[in-house]
Amino acid sequence: MARDPSQHPALAARHAQRSGVEWEFDRITYHRDFPRGVVTRMLVDRAEHGGWELDRVRITPDGTRRVVLRRRIIRQVRTA
């Protein structure tokens, strides 16, 4: 579920701060029943195989983990 940062005000603000670099964001929610080690393993897999890095983790009072991942958008420049 990748989102354009312009669709979310908080993400757009952070996107604007990093001028010259474009990021793709992915928001994931893990239910409280997932153990910490399992969540860590899933995030590591996404980082290793998808090129994602951790931007933010929020643990809500009910134990739900809300994770925001980001990865750099690489634009190819046509030469010729």
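Side notes on the structure shown:
- Qualifying residue in the range 19-38 (condition: modelled with pLDDT under 75 and either of a type in the set (Lys, Arg) or exposed (fewer than 12 other Cβ atoms within 10 Å of the Cβ) (or both)): yes
- Per-region count, the range 33-43, residues in contact with a strand residue (DSSP E or B) (Cβ under 8 Å, 6 or more places away or on another chain) and assigned to a loop (DSSP other than H, G, I, E, B): 1
- Filter pass, Ala80 being at negative phi and at pLDDT below 95: no
- Complete set of residues in the range 44-80 that are assigned to a loop (DSSP other than H, G, I, E, B) and loosely packed, with under 11 Cβ neighbours inside 10 Å: Thr60, Pro61, Asp62, Ile73, Ile74, Arg75, Gln76, Val77, Arg78, Thr79, Ala80
- Residue that is farthest from the chain's Cα centre (by Cα) [pool: residues in the range 45-69 that are under 12 Å from Ile28 (Cβ atoms) and touching a residue at least 24 places away in the same chain (Cβ under 8 Å)]: Thr64
The values are calculated or read from the model by the stated rules, or taken from the named source; none is laboratory data. On a predicted model such as this, the values are computed, not experimentally measured, just so you know. Note that we place each Cβ from the backbone using ideal geometry, even for glycine, and neighbour counts take in every protein chain shown.
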